[in-house]
Amino acid sequence: MDAGDNEGHTYSAGRLGDDPDRLRGEALFAYSSDAIVDIDPVGVITALNPAAERLFGYHARDLVGGPVGVLVPDRSAEEVASLLSDLAGRRDTEPYTTNYRRPDGEVIELSVTTVPLVCTDGSSAGLTVIARDLTVLHRSQASLASLATSEARYRAMVESAHEGIGVLDAGLRVVFSNPRLAAMLGYPLEEMIGLEMGSVIFPEDAPSLTPIAARGLRGQTEQTEIRLRRKDGSTQWAIIATAPFPGEDGVIGGVAGFFTDITDRKHTERTLQESETRLRSYFEYVPVGILLVSRDGLVVNVNPALCSITGYERDELLGGGLSVLLGPDHPARIEEIRVLVGALLRGEMPSFELEQPFVTKDGRRIWLDVTVSLMRDELGEPLEVVAVVQDITSRKDAERVKDEFVSVTSHELRTPLTSIRGALGLLTGGVVGDLPDSAQRMLDIAVQSTDRLIRLINDILDLERLSSGKLSLALEACEAAGLISRAVEEIRGAADEVEVEVRAGSVDGRVWADPDRIIQTLTNLVGNAIKFSPRSTTVEVSAQLEGDHVRFAVEDHGQGIPADQLETVFERFQQVDASDSRAKGGTGLGLAICRTIVEQHGGRIWAESVLGAGTTFSFTLPVVVDTGEADLDDRRSEPSVLVCDDDAAIREVVKTMLEASGYRVWTAASGEEALAVARARHPDVILLDLLLPGIDGRETANALKGQEDTADIPVVVLSVLTAEQMAVEGIASRVGKPIEEDVLLTALRNALGGAHRQALVVEDDPQLAEVLEVTLVRHGLKVRRARTGREATRLGRALVPDLLVLDLALPDGDGYSVVEWMREQPWLSTVPVLVYTAFDLEEADRNRLRLGETKFLTKGRTPPALFEAKLEEMLDWVAQKAPRR
Amino acid sequence: MTRPALTRRVLLIDDEELIREVAEVSLVKIGGWEVLTASSGEEGLGKAVAEHPDAILLDVMMPGLDGPATLARLKADPATATIPVVFLTAKVRQSEQRQWTDLGAAGVLVKPFDPMLLAKQVADVLGW
C-alpha cells in the first residue's frame, strides 16, 4: 500500500466534532498500528484506517459503504447479522482471537476487540472493531526460542569437543576455554581464564605462533604445530588452528584457537624416525650388498657393502638398471631377469635368486648370489625392487674343489678296479686257461665283491652329486608309459634270471621329469622288488593320475617289510635284514638315491607293506597340466606325431623341426616305449627309426600294425635302406638319414593325408567353427581348426587338406594373405577352397582367393540347408577330382 | 676297405698299463681282434695315422693330450677322420654319455668293464 492511500481520516469526516478529543481520535485512527474498522448498526462498514487496509488487504474505498460480511467471507449474511447483534449487545471488551484469510490467501491470526458504540440516548451507533495481527508476534517468539536452542547446541559442542577450543584476546590471554583445552594443558577449567598463552608455549615455538596469532587478529586463518608446557611440566604436542573471533561490536576482538592433540602421532613419528635411522644404519653397515631399483628399472640406491663387493663407486652404479650386476655380455641373462622381475611385479612369486658370475671394476672374476624381492607400500602397491647381493666366490671355489675331488676320486678308484675286475673276469671266464673248482669258487667271490665295490662307488658318487645339486635335472614332459616300459626293459634280464615276471600294470599320465633319473629310480625299485620276490611271482609296475600328480607304484609279493622300518629303509646303509640284503648284493644306497631323485622332482616316496604278502613302493611326480581351453583346441587341431629314435640328439632335432612346422610331438627312445606311447596317445602318425636296441624298428612296426588300437596309425620309417631292402609291411613311406627337413615334412604330410580326408577350417568364431566341424565330420572328414592366419599357415606346413574352409575376416589379418601363402606352397596350391564370408566379393577379389576349385558362400545369407548342399557338392568334387594320395 | 670280421684291428689308447693289458687280452681272446695299444694321446695319433685301425678305443683322462683333445685331432686329420672312436672311460656313468657322443664319438663304454663282454659291447656300438 503506497503513501498516497494513507489518508484514512478523510473517510471519517463528520464522524466527530473539531475539538482536541476529536483530533486525538483522528490521529489515533490514522496512525494506530492496530486495524480499526467502524461498522454501523446495520452491518455496513463506515470507516477503516490504513492499518486495517494493510491488515485485511483491501483499500478503504473498496470496503467503505459495503457490508462487513466481506471481511468474514466464510460466514453467511444471517450469521454475520446475528454475530453483529450479539456483539452490539455485549458489554465486555475482552479480546478474542480468530483466523482471517487475506485476499492473497495468507491466513493470519488476529486478536480482535469489539467496542459497541452507544449513544447518550442508549441507542446503538454500531461497532468499532480493533484487530491486531498475532502472526508477527508468534514468529518473533519462535525465532527467540530457536536462538536459545542454537546457542545451547553450540555450547554443548564446544564443551564436549575433542579439540581444545579457546579464545584469546589481543594480548594472547585466554578469555574462554573449553574443558578439553584445560585438560590438554593440565589446568582446572577455572584457572584457564586469564592464562597467558605465551607462558605455556615452548619458547622455541613461540616465534612461529606470534605472527599467526597476529594475522589471526587481522582476520586470517592459519595452522601450525606447537609444543605446549602442561601445568605438570610435561610436553603437549598440538596443531593449533587460529581464526578471527568477532567481538561485541562486530569488529575482531580476539583469536579463536583450535588445539588438536598430536602427542601420540608425534610419538609414532619419532619411533618411525628412530626405526628408519636404525634401518639406514643397517643399510650402511650390513656386510651384504643391497641395491634398490625403482619401479621404472633404475638403481636409486646402493649401500657401501655393494660398492666394496663390486669395486664400483656409488655414483657409478646409480641410474643404471638391475643389469649392472650382470655386466654387458649377458643379453640372455638380462632378458631372463626382465621376465623374472615382471613376474615379481605381477605378484606371481615373492622373490627369486640367481648365482651370477661378475667381473669387479679391477678385473677380478667373482661369483654373486643375488636375491631379488619386491617391497610394497602399506596398500600393497609395488614400491621398489630390492636386490640383496652376496659374494659367494669362496663358496663356489670350495664347491669346485669338492667337485674335482669327487671326480678325481671316482676316476682314481675306478682305474685300479678296472684292472682288478678285468683280470678276475678273464680268469673266471677261463680265457687264460682252466682252473681247479676250488680256485674258481674263490675267483667268483672276488668278482662278486669287486662288482659290489664298483656299485657302491657309483652309488656314493651318484648320491653325492645328487645331494649337492651337481647333477641338475633335465626336466621334460614325459609319458609315464614310456618311462615304465624303458625301466622294465632294462631290468628284464635280471628278472628272467631269477624267474620273476615284471609286468606293466595300468598306466596313465604325463609327468615333468628327468627321464634318465626316473628310469634310474624305477630300475632301482624294480631291481629291489625282484631281489626280494620268490621265484615265479610277479612284480607289477603301474602309474595312476591322482589330482596334481602321478603316482608310480612297484608292487612285489615278497616277504614284506616290518612297519617300524618302512621309513628307515630310505636312509643310507639301512637294511631291513642286514644278512639278507647283503646276500642279495645291495649297496644300501639305492633307496636313498631314489628318495633324493624323487624329492628333487618335488615328489614324495614311501613304502607300504603287509608282512608275508608283499611290499608296494610308491612315488609321486608332478603331472603335466594341460593349460586351459586354448591348449585343448590346439591339441585337437595340430596333427600329432610320435618320434621314435634311440639317439637323443636326433629325437631333439626332429622334435624341434616338427614343432616349428605345426606338429604336436611325442618322443620314444625304444620300440617298447613307442608301443606304449602309441597306445596311450594315439598319434596321427609315427616316425620310426629302424635301427633300435631291444625290439627293432621292423618288429615295432609289425607290433603297431598287429595292435587293434594302433593299426590305423600310418608309420614313416627313418632308415638308410631303400624300401625294397627293408621289406616291411604297412609302411607309409621312408625318410633317409641324414634327415632332410623338406623330405621329412613331405613324407609326414602324405602319410597324414593317406590316413584321413582332412579339412582345414580357418574361422575365429568358435561357435561357427564348431558348426562347420560337425558338418564336415558328418561327411567323414577329419577337421583341423585354425583361429588365425598364423595358425592356418602353421597347420598348412604340417598337412595337405582335402578342403580349405576359409573365413575372410581373421583376428590377425584377412584370408587373402593365407591364400597367397598357400599358393606359394607346392603341396597347397591346388587345394579346393570354400570361402565363407560376411562380404559380397568383387570378381577381382574372388580371383585373389582361388587355389583349386573355389566356391564362395555369404555368411547369414546362405541358409544352413543350402550351405550343406554346397558343401556336399564341393566334397563330391573333392572325392572325384582329388583321388586318394 | 673293411676287413673280414676276424681280422678287425682295434687301437686301444690308455695311459694305464694294467688296463691296456686286461683290455687287450679281452679283445684278442674274446673278440678275436688284432689289438694295437698306445699309452698316450700323442702315441695314439701316430699309430692311428700309421696303422689306420678299424676302430679306436680311447681313454678320457690322460696326462698330456686327453681323450677329447685326441678325438678332436683324429677328426681334424682327413687320414683318421673316418675311424670310429669309442670312449672307454671311468669318468662318467653310462647314462651321461650324451655329452661325449656330441663330441663326435661313436659311443661311450664305462670302466670298470666286464672283460667277457667288452668286445661284444664295442661291436654293438659300432654296428659290427
Open item on the list: Of the conditions (1) among the charged types (D, E, K, R); (2) in the same structural domain as A:Ile334 (by TED's automatic domain parsing); (3) more than 24 Å from A:Asn301 (Cβ to Cβ), A:Lys402 satisfies every one except a single condition; which number is it?
Closed with: (2)
Task: Top-ranked residue of the stretch A:277-325 - restricted to ones that are in a loop (DSSP other than H, G, I, E, B) and among the aliphatic types (A, V, I, L, M), ranked as most open to solvent (accessible area, probe 1.4 Å) - done: A:Leu298
- [ ] Considering (1) open to solvent by 40 Å² or more (accessible area, probe 1.4 Å); (2) more than 9 Å from every other protein chain (Cβ to nearest Cβ); (3) modelled with pLDDT under 85, say which one A:Glu412 fails and leave the rest.
- [x] (2)
Open item on the list: Would you confirm whether or not the stretch A:463-475 contains a residue that is modelled with pLDDT under 85, out of contact with any Asp or Glu (no Cβ under 9 Å at 6 or more places or on another chain) and open to solvent by less than 40 Å² (accessible area, probe 1.4 Å)?
Closed with: yes
TODO: Determine which member of the set A:Asp397, A:Asp369 is within 30 Å of A:Val341 (Cβ to Cβ), charged (D, E, K, R), more than 14 Å from chain B (Cβ to nearest Cβ) and not in a strand (DSSP E or B).
DONE: A:Asp397
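Each row is one residue, and each column tells you yes or no for (1) modelled with pLDDT of 80 or more; (2) open to solvent by 60 Å² or more (accessible area, probe 1.4 Å); (3) assigned to a helix (DSSP H, G or I).
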| site | (1), (2), (3) |
| --- | --- |
| A:Asp86 | no, yes, yes |
| A:Gly122 | no, no, no |
| A:Leu127 | yes, no, no |
| A:Arg132 | yes, yes, no |
| A:Val136 | no, yes, yes |
| A:Ser146 | no, yes, yes |
TODO: Please give the number of the condition A:Ser640 fails out of (1) touching a residue at least 60 places away in the same chain (Cβ under 8 Å); (2) touching a Lys or Arg at 6+ places or on another chain (Cβ under 7 Å).
DONE: (1)
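Only one of A:Val554, A:Val511, A:Val541 is touching a Gly at 6+ places or on another chain (Cβ under 7 Å), surrounded by 23 or more Cβ atoms within 10 Å (Cβ to Cβ) and assigned to a strand (DSSP E or B); which?
Unique residue meeting the criteria: A:Val541.
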- [ ] Please indicate, with yes or no, whether at least one residue in the stretch A:350-357 is assigned by TED's automatic domain parsing to the domain that holds A:Gly289, touching a Phe, Trp or Tyr at 6+ places or on another chain (Cβ under 8 Å) and within 20 Å of A:Asn303 (Cβ to Cβ).
- [x] yes
- [ ] Would you list the strands (runs of 3 or more DSSP E) that sit entirely within the stretch B:25-128 and hold 3 or more residues that are within 14 Å of another protein chain (Cβ to nearest Cβ)?
- [x] B:85-89, B:107-110
- [ ] Specify which of the listed residues (A:Val623, A:Val576) is among the aliphatic types (A, V, I, L, M) and either more than 25 Å from A:Ser533 (Cα to Cα) or at pLDDT 85 or above (or both).
- [x] A:Val623
Task: Unmet criterion (only one of (1) away from every other protein chain (no Cβ under 14 Å); (2) open to solvent by 20 Å² or more (accessible area, probe 1.4 Å); (3) of a type outside the set (A, V, I, L, M)) for A:Asp451 - done: (1)
- [ ] Kindly indicate whether B:Leu18 is within 14 Å of another protein chain (Cβ to nearest Cβ) and surrounded by fewer than 19 Cβ atoms within 10 Å (Cβ to Cβ).
- [x] yes
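Scan the stretch A:415-436 for residues that are assigned to a helix (DSSP H, G or I) and open to solvent by 70 Å² or more (accessible area, probe 1.4 Å) and jot them down.
Across the stretch A:415-436, the qualifying residue is only A:Ile420.
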- [ ] Please state which one of A:Tyr100, A:Tyr58 is under 19 Å from A:Ala30 (Cβ atoms) and open to solvent by less than 80 Å² (accessible area, probe 1.4 Å).
- [x] A:Tyr58
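The rows are residues; the columns are (1) open to solvent by less than 60 Å² (accessible area, probe 1.4 Å); (2) hydrophobic (A, V, I, L, M, F, W, C); (3) under 26 Å from A:Glu872 (Cβ atoms).
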{"site": "A:Gly736", "(1), (2), (3)": "yes, no, no"}
{"site": "A:Val743", "(1), (2), (3)": "no, yes, no"}
{"site": "A:Ala747", "(1), (2), (3)": "yes, yes, no"}
{"site": "A:Leu752", "(1), (2), (3)": "yes, yes, yes"}
{"site": "A:Glu763", "(1), (2), (3)": "yes, no, yes"}
{"site": "A:Val774", "(1), (2), (3)": "no, yes, yes"}
TODO: Please state which of the following conditions A:Arg441 fails to meet, knowing it meets all the rest: (1) touching a helix residue (DSSP H, G or I) at 6+ places or on another chain (Cβ under 9 Å); (2) open to solvent by 40 Å² or more (accessible area, probe 1.4 Å); (3) away from chain B (no Cβ under 12 Å).
DONE: (1)
Open item on the list: Can you tell me how many residues within the stretch A:782-799 are part of a loop (DSSP other than H, G, I, E, B) and either closer than 16 Å to A:Val835 by Cβ or open to solvent by 10 Å² or more (accessible area, probe 1.4 Å) (or both)?
Closed with: 2
Open item on the list: So B:Asp102 passes all but one of these: (1) modelled with pLDDT under 90; (2) crowded, with 21+ Cβ neighbours inside 10 Å. Which condition number does it fail?
Closed with: (2)
Open item on the list: Out of everything in the stretch A:823-851 that is assigned to a helix (DSSP H, G or I) and out of contact with any helix residue (DSSP H, G or I) (no Cβ under 6 Å at 6 or more places or on another chain), what residue ends up being nearest to A:Glu868 (Cα to Cα)?
Closed with: A:Arg846
TODO: Mind listing just one residue for me: the one in the stretch A:367-387 that is open to solvent by less than 50 Å² (accessible area, probe 1.4 Å) and touching a residue at least 40 places away in the same chain (Cβ under 8 Å) and, of those, nearest to the chain's Cα centre (by Cα)?
DONE: A:Pro382
Task: Hits in the stretch A:490-503 - residues which are crowded, with 17+ Cβ neighbours inside 10 Å and either within 24 Å of A:Cys478 (Cα to Cα) or touching a residue at least 60 places away in the same chain (Cβ under 8 Å) (or both) - done: A:Glu490, A:Ile491, A:Val502
- [ ] Please tell me if A:Gly233 is touching a residue at least 40 places away in the same chain (Cβ under 8 Å) and either more than 18 Å from A:Ser177 (Cβ to Cβ) or not acidic (Asp, Glu) (or both).
- [x] no
Task: Matching entry among A:Thr113, A:Thr93 (being in a strand (DSSP E or B), in contact with a strand residue (DSSP E or B) (Cβ under 7 Å, 6 or more places away or on another chain) and over 30 Å from A:Leu228 (Cα atoms)) - done: A:Thr113
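The values are calculated or read from the model by the stated rules, or taken from the named source; none is laboratory data. Given the structure is predicted, the values throughout are model-derived calculations rather than measurements. Glycine gets a Cβ as well: all are built from the backbone with ideal geometry, and neighbour counts include every protein chain shown. Areas reflect the complete protein model, heavy atoms only, side chains present, ligands, DNA and RNA absent. Shrake-Rupley method; radii C 1.70, N 1.55, O 1.52, S 1.80 Å.
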